[in-house]
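Following: one structure in structure tokens, then a few remarks.
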Amino acid sequence: MVPDFLTIAEAARLIEKRELSPVELCDSRLDRIARLDDRLHSFIRVLGDDARAAAQAAEAEIAAGKYRGPLHGIPIGVKDIYETAGVATTGHSKVMQDHVPKADAFSVKKLRDAGAVVMGKLATHEFAFGGPSFDLPWPPARNPWDTTRFTGGSSSGTGAAVAAGLVLGGTGSDTGGSIRGPAAYCGLAGIKPTYGLISRAGILPLGFSLDHAGPMAWTAEDCATLLQAMAGHDPADPASASRPIPDYRAGLQSGAKGLRIGLIRHFYERDNEANAATRQAIDTAAKALEGLGCSVRDITLSPLADWAACGVTIMLSEAYAIHEHNLRRRFNDYGEIFRDRMALAGLITAADYVQALRRRRELIAELDDAMADLDLVMTAAAPSEAPPIDQVPKFTIMNPPSLTIAFNVTGSPAMSVCCGYTDAGLPLSFQIVGKRFEDATVLRAAHAYEQATPWRERRPEL
Amino acid sequence: MTRQELDAALARLGLDVPEKEREDIAAAAHLIAEMAARLRPPGGRDVSAEPAHVVKFPES
């Protein structure tokens with residue numbers, strides 16, 4: 001009997017010792033998807049036959065002594081903006097519902113090379129931006145902690161599927177918070193790595209200069225395992241970094257002692273006021289990090305609205321350019337939320353866009369200066385627990401200012417970490433941010449925090 | 001932004017926006033204007049202030 005919930009690390013240890021069969025694990029997840037996903041809508045497309053074949057191949061390789069590592073035989077899900085060879089990649093949109101790529105995205109290929117078993121394509125907000133929408137070919141994903149609640153977006157299916165134990169990890173993308181938002185609302189760990197660390201080749205774009213691919217899983221350790229497989233130079237992505245990839249899992253063992261953390265309190269106490277439960281949970285998390293040997297002190301940056309104005313102007317401008325052709329010809333084939341946000345984007349001028357890029361340079365320098373004597377900064381990832389799914393405003397991306405897009409502007413590694421639950425049992429979180437290409441430090445702090453707190457022991461009741 | 005101004009802008013963009021959605025967009029247009037204002041410092045920028053360049057050119 002395979003447990004309902006396993007982390008990647010737990011499953012990998014059992015698979016390596018041949019105490020868990022990848023085929024049994026795959027079948028147990030397919031059974032779970034069949035039982036639960038009618039309520040969660042986390043999958044757009046389940047690839048049962050392909051997954052079982054991949055699991056059988058993994059089992060045969062492992063039996064032959066060819067164990068590839070901690071993703072070998074592990075069931076994962078792929079957000080439906082990551083291209084998959086021979087399998088429709090739709091962006092959760094009518095506009096691309098017949099798009100069948102010839103090749104896998106670079107990062108999907110790397111995950112398969114590491115032995116991961118792709119269980120299917122996961123729901124997203126339309127083209128990683130609209131949503132939650134009820135007028136698309138597939139319904140929006142629901143939050144496993146309370147199916148009347150929003151998952152966050154846009155990596156909504158990944159958030160729901162991992163939280164519900166339908167897969168052990170998955171891929172997300174993050175242009176303004178689309179990994180960290182669903183991770184926060186669904187109680188996961190999710191890291192937006194440094195810009196350029198994971199190739200964007202083969203992933204449907206939203207905003208070229210802000211798009212980040214990244215992993216989502218139950219723990220920071222599992223995110224490290226997925227990041228290890230996904231990261232690496234790709235000449236097909238002009239922003240791909242060419243530098244050695246550290247051993248992220250080995251780095252986890254260093255603990256958090258001695259890390260210097262700046263707490264950006266005004267982001268969530270003044271600029272986008274978080275509710276009392278969130279503020280209290282972050283205060284408690286900061287104390288827990290101090291208890292682990294970190295130093296934590298308040299820092300002040302430009303108002304959150306400045307960061308959001310910069311990031312949202314760039315995102316909307318780049319997204320409009322990407323979709324301009326189809327918007328002119330098929331405006332009403334897009335969902336209402338996406339198309340109306342794009343209509344607003346059309347009002348941005350070329351000068352606005354260039355001013356945003358000039359502001360971006362200033363803001364990057366500002367954060368670099370603020371972090372000169374710090375290792376990390378922390379702040380809120382969301383202003384509250386997940387709201388009801390039918391109470392998300394159409395233009396929420398612009399008002400109130402996003403708590404997450406600042407670190408898309410700077411390209412910094414940024415992670416959502418669960419730091420408790422409301423009285424109603426909904427997850428709360430904080431965001432931890434590192435210097436560019438110091439993703440290992442972010443993962444290390446998150447892992448130490450998770451090990452020192454009980455929040456990873458609770459799972460949604462379904 | 002007035003409805004007339006919005007209608008003119010949407011016509012220039014070539015977007016076939018349903019009538020019932022135009023009021024929502026007109027009502028939200030101030031958000032774009034507010035962001036645009038935030039991007040511009042009161043005294044303007046030094047003329048040589050460069051934008052961020054985040055995409056690398058291929059190495060020769």
Sequence ranges A:196-203, A:293-300, ranked by mean other-Cβ count within 10 angstrom, highest first
A:196-203, A:293-300
Could you pull out which residues in the stretch A:193-231 have an amide N less than 15 Å from a spot 7 Å beyond the Cα of residue A:321, following the Cα-Cβ vector?
A:205-211
Any idea which of A:116, B:29, A:346 is furthest toward the positive side of the dipole for the protein assembly as shown, if Lys and Arg beta-carbons carry +1 and Asp and Glu beta-carbons -1?
A:116
HN-Hα J couplings of the stretch A:154-160 from phi, Karplus 6.51/-1.76/1.60, θ = phi - 60°, integer Hz, Gly and Pro as x?
9, 7, 6, x, 5, x, 5
Förster-model FRET efficiency, 35 Å R0, residue A:350 and residue A:372, C-beta, rounded to 0.05
0.55
Potential extension, residue B:48-residue B:20 segment - 0.36 nm per residue separation minus Cα distance
5.6 nm
Dipole of chain A, positive direction: furthest Cα of A:67, A:301, A:447, with charges on the beta-carbon
A:67
Ordered by fewest other Cβ atoms within 10 Å, a rough proxy for footprinting exposure, A:233, A:72, A:323 read A:233, A:72, A:323
Sequence of A:191, B:32, A:245, A:261 once ranked by neighbouring C-beta atoms within 10 Å, starting from the fewest:
A:245, A:261, B:32, A:191
Computed label-point distance, nm, for sites residue A:19 and residue A:458 using a 7 Å Cα→Cβ extension:
2.8 nm
With 0.36 nm assigned to each residue of separation and the Cα-Cα distance removed, residue A:362 to residue A:146 gains 73.6 nm
Per residue of A:402-411, other chain Cβ atoms within 10 Å number on average 1
Using the alpha carbons of the protein assembly as shown, what is the convex hull volume per residue in cubic angstrom, as a whole number?
147 Å³
Peptide B:16-23: average number of partner chain Cβ atoms within 10 Å per residue?
4
Charge dipole (debye, nearest 20) of the protein assembly as shown; +1 at Cβ of Lys and Arg, -1 at Cβ of Asp and Glu
500 debye
For chain A, percent of DSSP beta bridges that are antiparallel (nearest 5) comes out at 70 percent
Could you line up A:102, A:94 from fewest to most neighbouring Cβ atoms inside 10 Å?
A:102, A:94
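Readers should treat all values here as calculations from the given coordinates under stated rules, not as data from a laboratory. Everything numeric here is computed off the predicted structure, so don't read it as measured data. Note that each Cβ is placed from the backbone with ideal geometry, even for glycine, and that neighbours are counted across all protein chains shown.
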